[in-house]
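Before any comments, here is the structure.
The values are calculated or read from the model by the stated rules, or taken from the named source; none is laboratory data. Model, not experiment: these values are computed from the prediction. Every residue, glycine as well, gets a Cβ built from its backbone with ideal geometry; the counts of neighbours run over all protein chains shown. Quick note on the areas: whole protein, heavy atoms, side chains included, nothing else; ligands and nucleic acids left out. Shrake-Rupley method; radii C 1.70, N 1.55, O 1.52, S 1.80 Å.
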Amino acid sequence: MKRIRRFGSWALGGAIIATMVAAGAGIASADTTGASTPATSDNSSSSVGSGAGGSSPMGSDVLGQTVETPSVIDFSDTYPTIGQRVSYSASGLVPKQTYRVLWETFQGTWDVDGNTFIGESYTPAVTVLGTVTADANGEVHSVLQIPTGYGDIHQIGLADASGIVVAQGSVTIKPSVSVSRTQEPEGNFFTLRVQGIGYGAYSSAYEVLYDNHLMGNIAAVTTNGTAVFQVRAEGIGPHLIEIAPCSIGSPYLNEQQSPYSWKPTFSIPVTVTKGHPGDVQDPIPAPSISTGNHLTASPGHGVVGSTFTLTGQGLPANESLTIEWSNTVGNHVTAAGYHAAETVLGHVTSSAAGTFATKIQVPVNVGGPPHTVQAVDAAGNVVGTTTYQIYPNLVSAPKAVKEGQMFTIHLQGGGPDTYDNCYSVLYDNSSIGYACGFNTNGDMQIQIRATGAPGIHDIDLYPTIQQGNQKVPNLYVLPLLTYKSDHPGESEPAFHLVIDVQP
């Protein structure tokens, strides 16, 4: 049975962890004040509900088979940050005996089921941070450096040679933030790093504001509690970037009065200087070949309108073949729903050696997961398959518009899934809405009105999550600013555009 903590809930397989602790299986030792080394855990799954942030009862089997009433480990600071050195002590131990220092750690994943976003889940495991020896009085007085990882509560234990946890305690890790530079020319980006983001429903997401304008979400589900993201340097002069706790889709402005009052809100003053802003687009991956069964696509990915060479080998000789392309059409919001479909890309005839080569133009179609490309004979038999992946691309955007004018930004290659079918839009670092292209084969013609004083304005388009089963935290339809490293869908680029609003 796999142990998964979903949205901060506990689901523990004590016998498995106890065996792992006792045998030391999959656990590497490190200096107590150094970085931790992840332990091996099994891969089965279950979940139960419980609030995140509350400590497990003394004698829990999170860290192994404990004695009935283990000693308490006391800490000089029970709300530390990543990298902080914390003193700890325990008594009632065997004099001169050496104990392993156990640390509860987690592995985070995004769960999806076909087209549906399920949510976050976290699997607990145990790491050995080092060893410590009790003094002649059976006491331990040592220092622990908090290892890189998720925030929230972490159990710590001292285990003897047989794997019995004889002392146990916990700390609750608070997030901390750093910024690479506090001054950037307009059009550049401030890079921020938040460590210690939690694994619980009410602590695994934060939101970013720019001068009190909501920008979007940050998450660290698959990045071990660390979120790295960028904020566009917009508007010459001083500005304030704030990072605030959130859970239901909006910044929580009185966190100090919540059950999670230890969670901080960060305020980072920055300055934007005169620059030369221009359009910036994330590159898609470098071209690579997609080799399947008797078919090869070169390259195996691209954008709508580009071309690739499809070659076949080992096919029936002198056979007329139809080249088909798998697709998903429809939508998630009407009774019509969505369904799989096939598009004919062309027809070829194999050579006497069972080969062919043909150029194919990528049709207007959804991006997201790779499409299956197949060769079908006259009897309807599939004789060859490979894949091709479409990435979103910018088709067009105006450079200059009149004040008050409605204009269009045109994207193609949006996906079919609730976690890759939408883009969220920022106008001068303020979230204004989102667009979805599933109903139109991945095509998004985004309507925006030119507002603000005449001059240069910034428009940013970010991947997001449209909807899903997860209720808390609510990550939906706002820009996911950590999209590059922590997003449940396929890799998607962001688009950073500049527009000149004229009087």
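Let's see how each residue does on (1) modelled with pLDDT of 95 or more; (2) on the phi < 0 side of the Ramachandran plot; (3) outside any strand (DSSP E or B):
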residue: S162; (1), (2), (3): no, yes, yes
residue: V171; (1), (2), (3): yes, yes, no
residue: S178; (1), (2), (3): yes, yes, no
residue: R181; (1), (2), (3): yes, yes, yes
residue: G198; (1), (2), (3): yes, yes, yes
residue: A201; (1), (2), (3): no, yes, yes
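Being in a strand (DSSP E or B), under 26 Å from the mean Cα position of the chain (by Cα) and surrounded by fewer than 17 Cβ atoms within 10 Å (Cβ to Cβ) is the filter here; which residues of segment 238-265 pass it?
L240
Can you find even one residue in segment 116-139 that is open to solvent by 10 Å² or more (accessible area, probe 1.4 Å), under 18 Å from the mean Cα position of the chain (by Cα) and within 29 Å of R232 (Cβ to Cβ)?
Scanning segment 116-139, I find no residue that is open to solvent by 10 Å² or more (accessible area, probe 1.4 Å), under 18 Å from the mean Cα position of the chain (by Cα) and within 29 Å of R232 (Cβ to Cβ), so the answer is no.
Return yes or no: is S203 surrounded by 16 or more Cβ atoms within 10 Å (Cβ to Cβ), within 25 Å of the chain's Cα centre (by Cα) and among the polar types (S, T, N, Q)?
Numbers: surrounded by 16 or more Cβ atoms within 10 Å (Cβ to Cβ): yes; within 25 Å of the chain's Cα centre (by Cα): yes; among the polar types (S, T, N, Q): yes.
So S203 passes the test.
Looking at segment 224-237, which of its residues are within 24 Å of L461 (Cβ to Cβ) and open to solvent by less than 10 Å² (accessible area, probe 1.4 Å)?
Selection gives A227, F229, V231, R232, A233.
Could you please find all residues in segment 210-223 being assigned to a strand (DSSP E or B) and open to solvent by 10 Å² or more (accessible area, probe 1.4 Å)? Even if it seems obvious, please write down each step before you answer.
Initially, segment 210-223 is screened for residues assigned to a strand (DSSP E or B), giving 210, 213-219.
The answer is H213, L214.
Tell me which residues, restricted to segment 375-416, are farther than 27 Å from R232 by Cβ and touching a residue at least 12 places away in the same chain (Cβ under 8 Å).
Result: A375, V376, D377, A378, V383, G384, T385, T386, T387, Y388, Q389, P416.
Which ones in segment 477-503 are closer than 15 Å to V425 by Cβ and open to solvent by 40 Å² or more (accessible area, probe 1.4 Å)?
Step one: list which residues in segment 477-503 are closer than 15 Å to V425 by Cβ, which gives 477-481, 483, 492-499.
V477, the sole residue that qualifies.
Could you tell me whether any residue of segment 151-165 is within 25 Å of D486 (Cβ to Cβ), among the β-branched types (V, I, T), open to solvent by 10 Å² or more (accessible area, probe 1.4 Å) and touching a Ser or Thr at 6+ places or on another chain (Cβ under 9 Å)?
No, every residue in segment 151-165 fails to be within 25 Å of D486 (Cβ to Cβ), among the β-branched types (V, I, T), open to solvent by 10 Å² or more (accessible area, probe 1.4 Å) and touching a Ser or Thr at 6+ places or on another chain (Cβ under 9 Å).
Give the residue, chosen from P269, P283, that is part of a loop (DSSP other than H, G, I, E, B), open to solvent by 40 Å² or more (accessible area, probe 1.4 Å) and either under 29 Å from G437 (Cα atoms) or out of contact with any helix residue (DSSP H, G or I) (no Cβ under 8 Å at 6 or more places or on another chain) (or both).
P283
Residue-by-condition table, conditions (1) modelled with pLDDT under 95; (2) open to solvent by 60 Å² or more (accessible area, probe 1.4 Å); (3) under 30 Å from P503 (Cβ atoms); (4) not basic (K, R):
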{"site": "E324", "(1), (2), (3), (4)": "no, no, no, yes"}
{"site": "T328", "(1), (2), (3), (4)": "yes, no, no, yes"}
{"site": "A340", "(1), (2), (3), (4)": "yes, yes, no, yes"}
{"site": "V362", "(1), (2), (3), (4)": "no, no, no, yes"}
{"site": "H371", "(1), (2), (3), (4)": "no, no, no, yes"}
{"site": "Y391", "(1), (2), (3), (4)": "no, no, no, yes"}
{"site": "K402", "(1), (2), (3), (4)": "no, yes, yes, no"}
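So which residues in segment 451-465 are buried (at least 21 other Cβ atoms within 10 Å of the Cβ) and not in a strand (DSSP E or B)?
Once the filter is applied, which keeps residues that are buried (at least 21 other Cβ atoms within 10 Å of the Cβ) and not in a strand (DSSP E or B), segment 451-465 yields only T464.
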